[in-house]
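For reference, the structure is listed below as structure tokens.
The values are calculated or read from the model by the stated rules, or taken from the named source; none is laboratory data. Keep in mind the model is a prediction, meaning the values are calculated, not measured. We place every Cβ from the backbone using ideal geometry, glycine too, and count neighbours over all the protein chains shown. Remember, those area values only see protein heavy atoms, side chains included, never the ligands or the DNA or RNA. Shrake-Rupley method; radii C 1.70, N 1.55, O 1.52, S 1.80 Å.
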Amino acid sequence: MDAILLQILNGIDKGSAYALIALGLTLIFGTLGVVNFAHGALFMIGAFVAVTMGKVLEISKITLDPVKTDFLGNPAKIKTPYVTEWFGNFGFWMIEWSVLVSVIVAIPVMILIGIIMERGLIKHFYNRPHADQILVTFGLAIVLQEIIKAVYGANPIPQSAPDLLKGSVDFGMMIGMAENSVIYPLWRLVYFCFSVLIIGGVFAFLRFTTFGMVVRAGMADRETVGLLGINIDKRFTIMFGVAAAVAGLAGVMYTPINPPNYHMGMDFLVLSFVVVVVGGMGSLPGAVAAGFLLGILESFASMPEAKEYIITALEWVYLDFDFILTFIKGLDQIVIYLVAVLVLLVRPRGLMGKAGMMEE
Amino acid sequence: MNLMKDRFLLIIFACVVLAAPLIFAPTGAAYPDLLQRFAIYGIFAIGFNILFGLTGYLSFGHAAFLGVGSYSAVWMFKLLSMNIVPALLLSIVVAGVFSLLIGYVSLRRSGIYFSILTLALAQMSYNLAYSVLTPLTNGETGLQLRLDDARVLDAAGDAGSLPSTNFFGLEMKEVFWNPTVFGYDLQFNWGYYVCAILLIASFWISIRIFRSPFGLMLRAVKTNQTRLNYTGISSRPYTLAAFVISGMFAGLAGGLLASMDPLAGAERMQWTVGGEVVLMVVLGGMGTLIGPILGAVFIKYFENIFSKINDGVLHGWFAIMPEWLDNAMVVIISPFVGKGWHLTLGALFMLVVIFLPGGLVDGAKRIGRVITGANRRAAKVGIE
């Protein structure tokens, strides 16, 4: 029981990232009808906003220590970050909680990047074939990724979570199980809660605001909404910004889990596409559900017990050839793709998609 | 008339390819290794163009077939013989079977779904090659020749050093003629000529497919698939055939890569390689005969040139300028050259897609029209 719970928990942090990226992809796709291959790059840029903020907050004034000397006899240098000089204790707090500060900074930055992307580039591709849209966003993804590589280098840059949220938590005890049965890193729990919050926020925004209502109407029938005298293009542009912000925030909060590097966006993009396809193209709840499901599935597939069960089952039906067993041993690497293939063969529209969506 | 034009085009193409060590000498690209890459990626791009250019199905997964081809060729070198013929045959067959499997699954959907599916399946193949199927692919290290490999057909006399790949005794590495012409040191190499002959053959096959009723059907798929279906024709056998053909071309290219340098690694299956062949075809001009080869040569040539430029070279260029301007220029340009070649490639790719969707061939056509006005035939050479 606790092993199963642990695997579910292990799956949800990756699942949360998949769900957030897939949500943004689906938003862009549902509103503008464009498949954004640069969406992974937005996730990566979000992560690097966090890296940049971490560095900016630690820009320090260097003063000479009057008493101490270093081993060469020169006066030792003391670094005082400017923020602590300006804000005192609040400055220390900001450095400590730099991830949170980055979240606040990332929202306007990512919305701006999204709007610039839409107005500057993608706008010109609405009337071009889908292949062109894919190609140009693919090119953009390469460019963004290489710019980040040129600026920050190719190595991953570790970021740390605030001290308060570091370490692990005894999750089992929190829900009334035996002590030390399910130990789980605290930040991953925070990440999950954060993503639920964001997803809930996006859904509430679409559901309960007038703006969201107009956007939903536009997703259903863009032309009619336009004929009613509503500037739907402007709202869709803002939705692109929102989608970019969702991906960016997913990236910011992911930095303490996995040190960001320049190709993290591409790594997540491929899987997020699979998530979107499994969830059903154009369906927001489908994208979210498939994101979590596939994350958890991946985690279960890496469980040695699960592999043993499958191997036992194969022995029962006399299918335990060496070749198949090799596949089973590496199941966690390929399970998501296998599921995607299976879903497309059995139920081509995905879990919650409409039939015939984007078949052209 | 059309037939005559095609023959003329093929003959010109063959002459250029066969004389490439001489033609490319002034550009500094005439060493065997790079020329081989031109030809091999040319074959890869020709095959990809048969799928993407004719049917419009955009696959991001063709790197998988390239990798499969390489692996099967190296296995043939390990087990059977260092002769490249069985290796190439096996790589074509294995890549064909593999592309039949992947094509069968991914061609059930079209449009964006197809792109995403091929991307996912290619990534899965990469994961398989990189870690899961380590006994078959030797994982991270890559598949390499060893002294104690079986090599059933080869005489067991070459103890001490690794044998090299050959075509009935002609060694791929060997430079068989090394004249000096106009002060250029020319290297004529067996490996390049094997690639060149296969490139010409591929080009000929591509012309035949473009002109055949089958090619016409593929174009119909691209133009209006729904209409085709309404006339009572199922388009899937045609697209699947195109997919398998392009997969076999990719397998041949992979086999050739392994024949020139007998090792195979998982990085050849990474989807960025699949993205690169898309770039080649789009840059050259999708749906044209000569475009993919132009794109492949262009990308591989500039990759070679750009990655050699470093800050020192740049300072050399701008030495006549005032120092502050020199430094500023170096700061601006250096991210684009050397290791930043991919940035240039991405930017170039975006520019081509935005402003010149027809690629280099279309660009040449436009320039030709502007310059010659009436004489359009010269510019149209090479365009279907």
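A few remarks follow.
- Residue, farthest from the chain's Cα centre (by Cα), within the stretch A:279-322, restricted to residues that are under 30 Å from A:Glu146 (Cβ atoms) and either of a type in the set (Val, Ile, Thr) or within 14 Å of another protein chain (Cβ to nearest Cβ) (or both): A:Met281
- Check on B:Asn166, within 14 Å of chain A (Cβ to nearest Cβ) and either surrounded by fewer than 22 Cβ atoms within 10 Å (Cβ to Cβ) or aromatic (Phe, Trp, Tyr) (or both): no
- Taken over the stretch A:77-103, residues that are out of contact with any helix residue (DSSP H, G or I) (no Cβ under 9 Å at 6 or more places or on another chain) and either closer than 30 Å to A:His39 by Cβ or assigned to a helix (DSSP H, G or I) (or both) amount to 2.
- Some residue of the stretch B:221-235 being assigned by TED's automatic domain parsing to the domain that holds B:Leu54, of a type in the set (A, V, I, L, M, F, W, C), touching a residue at least 40 places away in the same chain (Cβ under 8 Å) and closer than 25 Å to B:Gly69 by Cα: no
- Some residue of the stretch B:103-113 being crowded, with 21+ Cβ neighbours inside 10 Å, in the same structural domain as B:Thr272 (by TED's automatic domain parsing) and farther than 30 Å from B:Leu58 by Cα: no
- The one condition in (1) open to solvent by 20 Å² or more (accessible area, probe 1.4 Å); (2) touching a Pro at 6+ places or on another chain (Cβ under 7 Å) that B:Leu343 fails to fulfil: (1)
- Number of the condition not met by A:Ile111 [criteria: (1) under 25 Å from B:Val337 (Cα atoms); (2) open to solvent by 20 Å² or more (accessible area, probe 1.4 Å); (3) not small (Gly, Ala, Ser)]: (1)
- Among the candidates B:Val277, B:Val337, residue that is touching a His at 6+ places or on another chain (Cβ under 8 Å) and buried (at least 18 other Cβ atoms within 10 Å of the Cβ): B:Val277
- One residue alone among B:Tyr41, B:Tyr57 is crowded, with 20+ Cβ neighbours inside 10 Å, more than 16 Å from B:Ser259 (Cβ to Cβ) and of a type in the set (Ser, Thr, Tyr), and that residue is B:Tyr57.
- Some residue of the stretch A:132-141 being away from chain B (no Cβ under 11 Å) and modelled with pLDDT of 75 or more: no
- The requirement of being of a type in the set (Asp, Glu) and either open to solvent by 10 Å² or more (accessible area, probe 1.4 Å) or under 18 Å from A:Ala106 (Cα atoms) (or both) is satisfied by A:Asp2.
- Against the list (1) open to solvent by less than 30 Å² (accessible area, probe 1.4 Å); (2) more than 22 Å from B:Thr272 (Cβ to Cβ); (3) assigned to a helix (DSSP H, G or I); (4) out of contact with any strand residue (DSSP E or B) (no Cβ under 9 Å at 6 or more places or on another chain), the condition B:Leu10 fails is (1).
- Residue check, A:Thr63 in contact with a Pro (Cβ under 9 Å, 6 or more places away or on another chain), of a type in the set (Ser, Thr, Tyr) and loosely packed, with under 13 Cβ neighbours inside 10 Å: no
- In this structure, B:Leu145 does not qualify as open to solvent by 10 Å² or more (accessible area, probe 1.4 Å), free of Cβ contacts under 8 Å to residues at least 24 places away in the same chain and more than 8 Å from chain A (Cβ to nearest Cβ).
- Only residues that are within 14 Å of chain A (Cβ to nearest Cβ) and within 17 Å of B:Tyr126 (Cα to Cα) were counted in the stretch B:83-105, giving 3.
- One residue alone among A:Pro81, A:Pro129 is touching a Gly at 6+ places or on another chain (Cβ under 8 Å) and within 14 Å of another protein chain (Cβ to nearest Cβ), and that residue is A:Pro129.
So that you can scan it fast, the table gives a plain yes or no per residue for (1) more than 14 Å from chain B (Cβ to nearest Cβ); (2) in contact with a Ser or Thr (Cβ under 6 Å, 6 or more places away or on another chain); (3) open to solvent by less than 10 Å² (accessible area, probe 1.4 Å); (4) not in a loop (DSSP other than H, G, I, E, B):
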| position | (1), (2), (3), (4) |
| --- | --- |
| A:Met239 | yes, yes, yes, yes |
| A:Ala247 | yes, no, yes, yes |
| A:Asn258 | yes, no, no, no |
| A:Asn261 | yes, no, no, no |
| A:Phe273 | no, no, yes, yes |
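- Any chance B:Ala242 is more than 14 Å from chain A (Cβ to nearest Cβ), touching a Gly at 6+ places or on another chain (Cβ under 7 Å) and crowded, with 22+ Cβ neighbours inside 10 Å: no
- Taking the listed residues A:Gly265, A:Gly353, the one that is within 12 Å of chain B (Cβ to nearest Cβ) and in contact (Cβ under 8 Å) with a residue 24 or more places away in the chain is A:Gly353, with no other qualifying.
- Residue list for the stretch B:299-334, restricted to those being part of a loop (DSSP other than H, G, I, E, B) and either surrounded by 15 or more Cβ atoms within 10 Å (Cβ to Cβ) or aromatic (Phe, Trp, Tyr) (or both): B:Ile309, B:Phe318
- Identity of the residue in the stretch A:288-332, among the polar types (S, T, N, Q) and open to solvent by 40 Å² or more (accessible area, probe 1.4 Å), that ends up nearest to A:Phe194 (Cα to Cα): A:Ser302
- Hits in the stretch B:194-219 - residues which are without any contact (Cβ under 8 Å) to a residue 60 or more places away in the chain and either of a type in the set (Ser, Thr, Tyr) or open to solvent by less than 30 Å² (accessible area, probe 1.4 Å) (or both): B:Ser212
- Condition met for B:Val281 (β-branched (Val, Ile, Thr), more than 26 Å from B:Lys78 (Cα to Cα), more than 14 Å from chain A (Cβ to nearest Cβ) and in contact with a helix residue (DSSP H, G or I) (Cβ under 6 Å, 6 or more places away or on another chain)): no
The rows are residues; the columns are (1) modelled with pLDDT under 85; (2) out of contact with any helix residue (DSSP H, G or I) (no Cβ under 6 Å at 6 or more places or on another chain); (3) surrounded by 23 or more Cβ atoms within 10 Å (Cβ to Cβ).
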position: A:Leu6; (1), (2), (3): yes, yes, no
position: A:Ser16; (1), (2), (3): no, no, yes
position: A:Gly24; (1), (2), (3): no, no, yes
position: A:Asn36; (1), (2), (3): no, no, yes
position: A:Ala41; (1), (2), (3): no, no, yes
position: A:Thr52; (1), (2), (3): no, yes, no
position: A:Leu57; (1), (2), (3): yes, no, no
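- First in the stretch A:332-348 and more than 10 Å from chain B (Cβ to nearest Cβ), second anywhere and outside any helix (DSSP H, G or I), Cβ under 8 Å, 6 or more apart: A:Val343/A:Gly350; A:Val343/A:Leu351
- If you check B:Phe302, B:Phe355, B:Phe306, B:Phe298 for being among the aromatic types (Phe, Trp, Tyr) and modelled with pLDDT under 85, only one passes: B:Phe306.
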